[in-house]
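Just below is one structure, and these are the notes that go with it.
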Amino acid sequence: MTTHTIRHGQACGKIILIGEHAVVYGAPAIAIPFQSVGATVHVRPSDDQSRLHCDFYTGSITDMPETLLGLKVAIEETLASLNQSDACLTLTIDSTIPIERGMGSSASIAIAMIRALYTYYQQELPQETLLALVNASEKVVHGNPSGIDAAIIATEHALVFQKAQPSQSLTVSLDAYLIVADSGITGRTKEAVTTVKAFQEEHPVQHAELLSQLETLVLSVQQELQDGDSTIVGQAFTHAHTCLQELGVSHPTIDMLVQTAIDHSALGAKLTGGGLGGCMIALAHDSQTAQTIANALLQNGAKQTFIQSLKK
Ligand code: PMV
């Protein structure tokens, strides 16, 4: 390798279709890779010390702020795994993934970073090593992550994910369109996970009942996503949203956007990811309705919308 080498690593975003929060308690959840957004990390040699350039910080790796501790862990543990802890590198992050909106930005940036560093040192990156490194970083970011973000983004496959179980790859082939809208409000995954834990302690029976409903909905969506009935999937989305509302992790703006989508003929809608802000998703039968829903969401304050066909 020459000292002028520049290498990069990339990763996509992710959308949880159904099962967020319940997945923390061992229930299955379904998520898909989301290629409309992504992160790229460029690595090049630096003369004196290792530096990071990104939208939210420019400076030495050593002085990275506490808020970027998860990323710092990803960088340091990856370099250690490569026996390059003393490396002097300039790391530049370009990301189109809105931060803390439930699109997997922390896992995606960590994965792009790990891939970029392994590529730079021309080392093979086994999937288990990638997952171990990103999960170590995600633990710092989220406290007690289920691992769903890391699994989806690392494999770039739709998965039925269940903690401590091998993930099942899922072929999504539904005659429907997914609309994703960013509320513009920062989601707070760690706080949301704590909220659900507190709900469990205060209302154990209701918590178990809601988790059981979410699990049933996930299994129904899993079945229908493979050439099934988009109406059932839509209804499951809306039902899951009411469960998440009861668990205390929605937000008035997300509720308003969910209602807006339904008022504009969505088959169903829900929050996605940790909640307390972040993004919502809606399902539409055809592309014209999807566009109408996206326009209505933008008119009602959504900052950005994306439309993705769920056909294979
Ligand atoms: O907010 P996100 O995209 O990181 O999703 C969090 C999903 C949860 O189920 C709420 C937490 C987890 O670790 O699975």
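Values in this text are rule-based calculations from the coordinates and carry no lab data. Keep in mind that this is a model prediction, so the values were computed, not measured. Note that each Cβ is placed from the backbone with ideal geometry, even for glycine, and that neighbours are counted across all protein chains shown.
Key figures
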{"read-out": "Two-decimal log10 I(q)/I(0) for region 74-183, as the Debye equation yields it once each C-alpha is a single scatterer, q = 0.12, 0.13 Å⁻¹", "value": "-0.48, -0.56"}
{"read-out": "Mean Kyte hydropathy of -1.0 or more with a Cα span along the axis of at least 24 Å, helices from DSSP in the chain", "value": "204-224, 230-247"}
{"read-out": "Net length gained if the chain between L69 and E209 were fully extended (0.36 nm per residue, minus Cα distance)", "value": "46.8 nm"}
{"read-out": "GNM flexibility winner over the chain from E100, E138, E66 (Cα, springs under 10 Å)", "value": "E66"}
{"read-out": "Over the chain: Kirkwood hydrodynamic radius from C-alpha pairwise inverse distances, Å", "value": "19.8"}
{"read-out": "Viscosity 1.567 mPa s, temperature 4 °C, Stokes-Einstein D of region 102-242 from Kirkwood C-alpha radius, µm²/s", "value": "75"}
{"read-out": "Max mean-square fluctuation residue, GNM over the chain, Cα-Cα springs under 10 Å, options P98, P28, P252", "value": "P252"}
{"read-out": "Sum of -39500 (n - 2.57) over DSSP H runs of 4+, divided by residues of the chain (222 nm, nearest 500)", "value": "-13500 deg cm²/dmol"}
{"read-out": "Inter-part distance where region 7-75 and region 191-256 are each reduced to a Cα centre, Å", "value": "26"}
{"read-out": "Entries of K197/K311; K14/K163; K270/K311; K163/K197 with Cα pairs more than 27 Å apart", "value": "K197/K311"}
{"read-out": "Paramagnetic label zone (point 7 Å from Cα along Cα-to-C-beta, N144; backbone N under 15 Å) in region 17-46", "value": "21-27"}
{"read-out": "Most positive-pole-ward Cα, A198, Q304, L219, against dipole of the chain from beta carbon charges", "value": "Q304"}
